[in-house]
Every structure is written in structure tokens, then in C-alpha cells.
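Each remark here refers to the structure printed beneath this line.
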Amino acid sequence: MAVDPRQVVAGFLTLSMFVMLGNMIKHDHFSPGTELGLEATGAEFNTMKLEDNAEMSNIDTSGVENLMDTAEEVKPCWTKPSPKTQPSNGFVTFSLTMGPEYHISQITDAVVVARYLGATLVLPDIRGNELGNKRKFQDMYNVDKFVRNLDGIVEVIEELPDEVSAKKPAVIRVPNRVTESFITDTIQPIFQTNSYLRLAVVFSSVSLRPRETNNKDLDATACLAMFSGLELKHEYSEIARKISDKLKEISRKSGGKVLAIDLRTDLLEKKGCKTTRGARRKGCYNADEVLGFLRNVGFSANTTIYLTETWWHKGLNDLKEEFPNTYTKDDIIPAENKGEFLKASNDDLARALDLEICSQSDVFIPAIAGLFYGHVTGKRIASGHTQILVPSQSSASTQASDFISTYISNKNHLAYKCYC
């Protein structure tokens, strides 16, 4: 009986998610002195002692204020890859899955593979978490900008030619952040016998630490795809802008700053977030622990806080009591857009808003490790907004600067290979 290649890919992606979850459960999300978590999570850790009874009036806020004044001026370190002169000799297809933070990596890997092979890239569809939940690329992203930015680098088409789509593709599992050696050893031999490929990007690791490579063309292609590839379509980017503007307006009126916190109760309930390994290890941070961290480093009560939570729940009440200007998506999104963005089947759209808002806030705090944190950090490095504080479990320090993400303080994020 014939098997639909799309079912095979879906199976690979499901297996990939279980492998990734297994790694996240097996290893703590945050680990001391390195990136949040181990390589499997791409996370990083600092250490802090939470003082639940600390009085905010006794906290020195000067460190936080000084943090706001720091900004880096950066520019691209790469030059646009030279135009391809040879005609395309095949096709690369794939799907975007698991949310926008994964979309960025999937796009980057597919563009790098297509560039190396000299193949045409077919616009991917977007698969939601629910079976059958599928949309076109242009339903979510700015297709014109995507094609324009890759012009001369990789040929992009919307659909396969009929004579090709009637054939069966070679399905290949590709590790996230695909290497030149994997392409030459695994992908290229298959491509030489079947020039119609379907890629399934596997996330056994979501580390975004830089690594040594010797192919400047592929490095430049990866930088271009990661930082100039995906942009929300205009209608959606406008909604993100309106939310960001509303948060800034509230902060101006209160005399505070805008702080975005990636805090999601649905993940806090997962076993991986409850895993600890000794006193110096911590998985994820709940609202009360984040509140203790904000007290510890001196955020003032007039700080405007955006939470990536969709709905309010009682677990957020203490945070709201000390920081009255605290909002979830349901609180802040324009009423006319709630129906589209807040329903469960459109979780990837809601997450796309989170990605934009967290990338633009005055300060970002990841309470949960993973690829979302990594790609928000990358976008903030590219824009020079490197005010990212990572909570920690046990430290006597009250200086905000002691909790700067080590992606920033050690410059060990791959974005520093693209921007300098």
C-alpha cells in the first residue's frame, strides 16, 4: 500500500518532538554557568536566592535603570552571498511546524540546503498542532519580502510543477542547524538520484551557540535566512505593533519601563519544568518565583509587564498586586483580533505576537528555556537591544547586571557571527 510522504514527515516530526521533550525532561532547562539548559535545550542559567518577603521599598533600583541605558550599535558582519548563475537542478520542499520559533530554524536549514544543492525552494505550508490544521505560507508571513530577500541566493516558487508533484520525494530527516558535512555526506548523494526532496527538520538540540565552520557562503546564507527571512504579514505585524505601542503608552504614563516575560503555565505543568537536580539546578520559573526575582533586582512597581500567558489565572494575582500594570494577551490584544489570535487552534499566531513583543520590549526575561528564548535573544542582538535577564535560584546578588543572559555577557549566541 502506498504511503503519503506527508504522513512519513509528520511521523518524523512527532518523533522529533518526543525526543526533544525527552531531552528537556532528562536535563534541567537551566544549568549553571552555561546556556539555559544543556545542549538539548539551548538554555542558560544564573543563580539567585529568592527572598519572598523582601520589601520593594528597600531595593536599590539604580542597577535596573542603568541597564535600560545600555544599547549596542551593531551592523551585519556578513555580505550577501554571490548570485547563483547555474540553473536549478531540483526541488526542496518542507513544512513549518511547532510554532514561529521553530519556523525560523526550519526556514534557515531549508534555505542552506537548497543553496548548497543549487535547488529550487518551494514555499512551505504551515502545520498547526492539531491534525488537519494547515495554512499557506502567505497566510502568516510576508511572502513578497521572503522571496525578495532570497532573490539571487535561492530560487523560490509557490508550488511544484505538475510533472514533479506527481512523483514521490525522497524524505530526509535533517538535524537542526544542518552542517556542510551532513549535506555532502547524507543529502547530496540522495539528491543526485532523486532531485525532489522533502526535508523534516529534527530538533534533538535547540542550542543557538556559535560553532566553527569553514564555508563563508553557507554562513552568510544562514545569517540572511535567519534574520531577514521570516516577517509576519503586514496585518499581523500591525497587531504586534499596536500591542507594543499600547504597552509603551502605559509605561510612559506610569513613568516605568516595559518588561516582557515568557511565562507559560501550560509548560510549567510539564514534568521537565518540575525536574530539579540539586540546590543549584532549576527547571522553569513560575509566577511567584519570577516575582521574587523582580523584587531581588529592583524593578519598580510602576514597571509595565507583558506576560506571554494567553489568559489570566489566580496564580498571577500576587504578581499583579505588586506590579499593577501586568497584562496577558487577553488583557492587551485589540478586541477585534481576539477571535483569531486567542483560539487554541491558532496558537502559532499567538506565539508569533509573543515573539515580536518580547523582541521589542525594554527588557526581556525568559522564565522558560528553549528555542523561543534563543530566537528572541537573536532578534534583540540584531537590533542592539540586549537587555535580557535570566532568573536564577540562589544568589545573594541584587544587581541586575549580574543576571544578564550569558548569551549576551559571553557573546556566545550565533547572532554574534552575523552582527558585530
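Before moving on, here are some points about what is shown:
- In plain terms, the bigger the Kirkwood radius, the slower the diffusion; for segment 309-357, with that radius from Cα pairs, at 10 °C and 1.306 mPa s, Stokes-Einstein puts D at 137 µm²/s.
- Using only Cα coordinates, the Kirkwood hydrodynamic radius of segment 91-229 works out to 15.3 Å.
- Segment 234-417, Rg to Rh (Cα coordinates; Rh as Kirkwood inverse mean 1/r): 0.94
- Taking all protein chains together and rolling a 1.4 Å probe, Lys75 ends up with roughly 130 Å² accessible.
- Heavy atoms of Phe182 accessible to a 1.4 Å probe, total area in Å² rounded to 10: 50
- Extension gain, Ser254 to Thr85, is 55.2 nm, computed as 0.36 nm per intervening residue step minus the present C-alpha separation.
- The charge dipole of segment 234-417, taken about the Cα centre with unit charges on the Cβ atoms of Lys, Arg (+1) and Asp, Glu (-1), comes to about 680 debye, rounded to the nearest 20.
- Antiparallel bridge percentage (DSSP; both residues within segment 234-417; nearest 5): 10
The values are calculated or read from the model by the stated rules, or taken from the named source; none is laboratory data. Note that the structure is a prediction, hence the values are computed from the model and not measured. Backbone-built Cβ (ideal geometry, glycine too); neighbour counts: all protein chains shown. Protein only, heavy atoms only, side chains kept; ligands, DNA and RNA dropped before computing areas. Shrake-Rupley method; radii C 1.70, N 1.55, O 1.52, S 1.80 Å.
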